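Reading through the structure tokens given below for one structure.
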Amino acid sequence: MIPTQTLTRFVLQEEHKHPQSTGELSTLLTSIGLGVKIISNLVATAGLKGLHGYSGRTNVQGEDTYKLDDEADSVLVDILGASGHFGSLVSEERDGAIEAGEGSENAKYVVAFDPLDGSSNIGSNIPVGTIFTIFRTKTPGKASAEDFMQPGTNVVAAGYSVYGSMTSFVYSCGHGVHGFTLDPSIGEFVLTEENIRIPEQGNIYSANEGYWDIWDTRMQEFMTSLRSKNNKLGGAYTSRYVGSLVADFDRTMRKGGIFLHPANQKRERGKLRLLYECIPLAFIMEQAGGRAIDESMNVLDINPEGIHDRCPFVVGGKREIEYFESFFG
Ligand code: AHG
Ligand code: MN
Ligand code: MN
């Protein structure tokens with residue numbers, strides 16, 4: 001019988017490779033894993049529990065939130081609070097940073113997350129997910145929003161889950177990207193891929209072409225080229241767009257190609273959020289051998305100025321990103 005490699009066992013084995021580890025990061029990662037399992041169940045049964053639809057609340061982004069956005073947010077805040085190992089939390093659904101509870105004032109880490117990504121797809125059985133980023137606090141003592149003002153090159157760990165035909169959990173601590181699949185028969189995430197790598201070049205592009213008229217002309221020219229049989233990538237690409245970042249990103253990393261949610265005339269810094277969407281996925285993509293830019297610089301080199309900053313996001317294989325840069329150089 002091949003021993004089942006679960007997320008908990010894998011995280012602990014990784015911890016034991018680093019003698020100075022205190023186990024706090026492992027506790028955070030396994031706590032997030034538990035939160036994701038609970039959210040997976042909420043997503044799967046939302047229709048039965050009347051949890052589809054809007055919550056009636058508007059978040060700091062000015063977006064109407066869904067009931068599941070709030071439910072997923074509460075699950076992660078409760079579980080991470082119970083872990084006692086975070087100094088501060090940032091959630092897409094909360095205006096400000098959440099202070100640590102009693103007893104974790106000196107925690108080493110802060111966590112930012114998008115509790116439910118792709119909310120507009122809720123109710124139509126299209127995959128949604130959760131995205132998280134973990135940083136070390138910048139200074140000892142009580143953490144605050146200031147501890148999140150650091151570039152993605154400082155990320156300690158990042159990951160995401162996709163609630164789809166299966167529930168997957170993908171994360172990296174800077175030593176490769178590892179994928180787990182929830183086995184409902186044992187209620188555990190089981191390791192199903194180690195060191196996921198993006199293909200050098202793919203043939204899929206992923207963007208919401210409804211923005212065409214308000215895109216930069218260089219973006220229009222790049223997209224026109226992607227659809228041409230005579231482009232410098234060896235021929236026309238095919239289009240796939242789910243509208244859930246986690247699903248479009250996961251497919252891009254596994255099959256190759258490029259995902260783009262660039263700036264447009266209405267949003268000069270784009271729509272996606274830097275801290276809990278772009279930085280964690282840029283970290284994962286670089287660990288998988290790909291790249292992520294904001295049209296001109298590496299996403300991981302951007303210094304956040306606010307916890308809800310937005311960021312143009314172009315992510316994928318090295319070959320496609322280089323080709324994109326040749327239009328924006
Ligand atoms: P969220 O549901 O967390 O607000 O994120 C939605 C994001 C992302 O999931 C997706 O890639 C993007 O919004 C889709 O944006 P468009 O509707 O502009 O294509
Ligand atoms: Mn999102
Ligand atoms: Mn969200």
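Working from the alpha-carbon coordinates of segment 101-145, get Rg over Rh, Rh being the Kirkwood radius.
Checking Rg against Rh, the ratio lands at 1.21.
If you put +1 on each Lys and Arg Cβ and -1 on each Asp and Glu Cβ, how big is the dipole of the chain around its Cα centre, in Debye rounded to 20?
I would put it at about 860 debye.
Compute, for segment 1-84, the length of the dipole vector about the Cα centre, with Cβ point charges of +1 (Lys, Arg) and -1 (Asp, Glu) only. Units Debye, rounded to 20.
It comes to approximately 320 debye.
Could the peptides 10-21, 117-128 be put in order, highest first, of the mean number of other beta-carbon atoms found within 10 Å of their residues?
Output ranking for 10-21, 117-128: 117-128, 10-21.
Just by accessible area at a 1.4 angstrom probe, what is the order of R197, R310 from largest to smallest?
The ranking, largest first, comes out as R197, R310.
I'm checking a number: the convex hull volume of the Cα atoms of segment 89-236, normalised per residue, in Å³. What is it?
Considering the Cα atoms of segment 89-236, their hull volume per residue is 202 Å³.
What number do you get for segment 7-193 when its Cα radius of gyration is normalised by 2.2 N^0.38 Å, N = residues?
In units of the globular-protein estimate, segment 7-193 measures up at 1.01.
Calculate what fraction, in whole %, of the accessible area of the chain sits on carbon and sulfur atoms when a 1.4 Å probe is rolled over the protein chains.
49 percent
For segment 202-329, report the % of Cα-Cα distances exceeding 25 Å.
Within segment 202-329, distances greater than 25 Å cover 15 percent of Cα pairs.
I'd like to compare 84-91, 277-284: which one has the highest average count of other Cβ atoms within 10 Å, and what's the full order after that?
Listed from highest to lowest mean packing, they are 277-284, 84-91.
Report the extension gain between R136 and R227 in nm, rounded to one decimal, defined as 0.36 nm multiplied by the number of residues separating them, less their alpha carbon distance.
28.5 nm
Show me 135-146, 51-62 ranked by packing, highest mean number of other Cβ atoms within 10 Å first.
135-146, 51-62
Using +1 at the C-beta of Lys and Arg and -1 at the C-beta of Asp and Glu, which of S83, P304, M253 has the Cα lying farthest in the positive direction of the dipole of the chain?
Comparing the listed Cα positions along the dipole, M253 ranks first.
Just the Kirkwood number for the chain, please: inverse of mean 1/r across all distinct Cα pairs, in Å, one decimal.
Computed over the chain, the radius equals 20.1 Å.
Round to a whole angstrom and tell me the spacing of the C-alpha centers of segment 195-247 and segment 88-166.
28 Å
If you wrap a convex hull around the C-alpha atoms of segment 160-240 and split its volume per residue, what is the figure in Å³?
It is 153 Å³ per residue.
Determine by what factor the alpha-carbon radius of gyration of segment 265-329 differs from 2.2 N^0.38 Å, reporting the quotient.
Relative to the 2.2 N^0.38 Å estimate, segment 265-329 comes out at 1.07.
How many angstrom lie between the Cα centre of segment 254-314 and the Cα centre of segment 32-48?
Between the Cα centre of segment 254-314 and that of segment 32-48, the gap is 27 Å.
The values are calculated or read from the model by the stated rules, or taken from the named source; none is laboratory data. These numbers come from a predicted model, not from an experiment. Cβ coordinates were reconstructed from backbone atoms using ideal geometry, including for glycine residues, and neighbour counts include every protein chain displayed. For accessibility, only protein heavy atoms count, side chains too; no ligands or nucleic acids. Shrake-Rupley method; radii C 1.70, N 1.55, O 1.52, S 1.80 Å.
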